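Some notes on the structure that comes next.
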Amino acid sequence: MSERPARELSRRTVLTGAGAAVAGLGLAGADGAGADTGGTVAIGPSGATVVEFRGRISQTGSSGETFSSTGFLTQVAGLGTSDLFAPAPSSVGTALFSVTATGDLTARVLDQQVHALDIVGRLLVRQRSSPGLDFAHPATFRAGTVVASYDLTLQDALAVIDTARGIPTLSGDMTQLAAKLLSGGSRFGSKGERLRLFATGLGHLVDPVTLNAELEIVGNWSMA
C-alpha cells in the first residue's frame with residue numbers, strides 16, 4: 001500500500017474536497033458528480049474521516065447477545081449530495097446508499113453507570129437506483145447492489161442515564177473485505193484498507209431481563 005498524505009487535513013476538508021489540491025486526492029466537492037469520475041471514493045489520508053452515517057441498532061436474543069443495524073450514508077469523500085440523495089431534503093427516505101450490519105456479543109462487563117460490550121460483526125454498503133429506505137421496514141435496507149463489505153470489531157461504552165435510557169459510544173476497527181464499482185464507475189473504498197469507526201446516540205432498554213434494546217446512532221469512519 002502506498003504511503004498516504006500527511007494527517008493535517010480536517011474531517012470536513014476531506015469530505016467536501018476543499019483541500020483536494022493539497023492532499024493530491026482529487027476528491028469531488030460536496031455537490032460534485034463524484035460517482036461518475038471513475039476513481040475511488042470513501043478513501044483519504046491517514047486519520048481523515050471519509051464516511052458519515054446515521055442508523056438504528058436492535059439488540060436482541062435471550063441475553064442481548066445479537067445485534068442488527070440498518071442505516072444510510074450522509075457524506076462520502078469523493079461523492080456529492082446528488083450522488084447520495086434523490087432530489088429532495090436529505091433524509092432516510094431520499095438516501096441512495098444503505099448500510100446493514102450484524103454482530104455478536106463476545107464480552108460484557110457491567111458496572112454501576114457505565115457498561116462495556118465487545119462486539120464482532122460484518123457491515124455491508126449498498127447502492128440503490130432509487131430511494132425508498134424506511135426504518136419501519138428493515139428489508140428496504142437490503143435492496144440494492146452491495147458495493148463494499150467490512151469486518152467489524154467494536155467496543156460499546158454504554159453510559160446509563162436512567163433506568164431505561166443510555167448513551168452508547170461505539171468505537172473500533174474496520175477491515176474492508178470487498179470494494180466494488182458504483183453505477184457511475186467509481187470504486188467504493190479499497191480492499192484490505194483498515195479504518196476506524198465511531199458512533200454515538202441514544203439507547204432505550206426494551207426488556208430489563210433479556211437486556212434487549214433499541215439504539216439510534218450517528219457516526220463516521222476514518223482511515224486508520
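The values are calculated or read from the model by the stated rules, or taken from the named source; none is laboratory data. Quick caveat, the model's predicted, so the values are computed rather than measured. Cβ coordinates were reconstructed from backbone atoms using ideal geometry, including for glycine residues, and neighbour counts include every protein chain displayed.
Just a few scattered comments:
- For the stretch 152-165, taking the residues that are part of a strand (DSSP E or B) and in contact (Cβ under 8 Å) with a residue 40 or more places away in the chain, the one that is nearest to Arg194 (Cα to Cα) is identified as Leu152.
- Just one of the listed residues (Ala157, Ala107, Ala148) is closer than 19 Å to Val218 by Cα, modelled with pLDDT of 95 or more and small (Gly, Ala, Ser), namely Ala157.
- Subset of the stretch 136-161 (residues that are under 16 Å from Gly201 (Cα atoms), of a type outside the set (A, V, I, L, M, F, W, C) and surrounded by 18 or more Cβ atoms within 10 Å (Cβ to Cβ)): Asp156
- Of the residues making up the stretch 83-98, those that are under 19 Å from Arg187 (Cβ atoms) and outside any loop (DSSP other than H, G, I, E, B) are Asp83, Leu84, Phe97, Ser98.
- Filtering Leu124, Leu133 for residues that are outside any strand (DSSP E or B), at pLDDT 95 or above, surrounded by 13 or more Cβ atoms within 10 Å (Cβ to Cβ) and of a type in the set (A, V, I, L, M) leaves a single hit, Leu133.
- Any chance Leu197 is among the hydrophobic types (A, V, I, L, M, F, W, C) and in contact with a Gly (Cβ under 7 Å, 6 or more places away or on another chain): yes
- Ala178 meets the conditions (1) surrounded by 14 or more Cβ atoms within 10 Å (Cβ to Cβ); (2) at pLDDT below 95; (3) not basic (Lys, Arg) in every case but one. The failed one is (2).
- Inter-residue pairs, beta-carbon under 6 Å, first closer than 15 Å to Val218 by Cα and in the stretch 75-98, second surrounded by fewer than 23 Cβ atoms within 10 Å (Cβ to Cβ) and of a type in the set (Asp, Glu), 6+ apart: Gln75/Glu52
- The criterion of being modelled with pLDDT of 95 or more and not in a strand (DSSP E or B) holds for Ala139.
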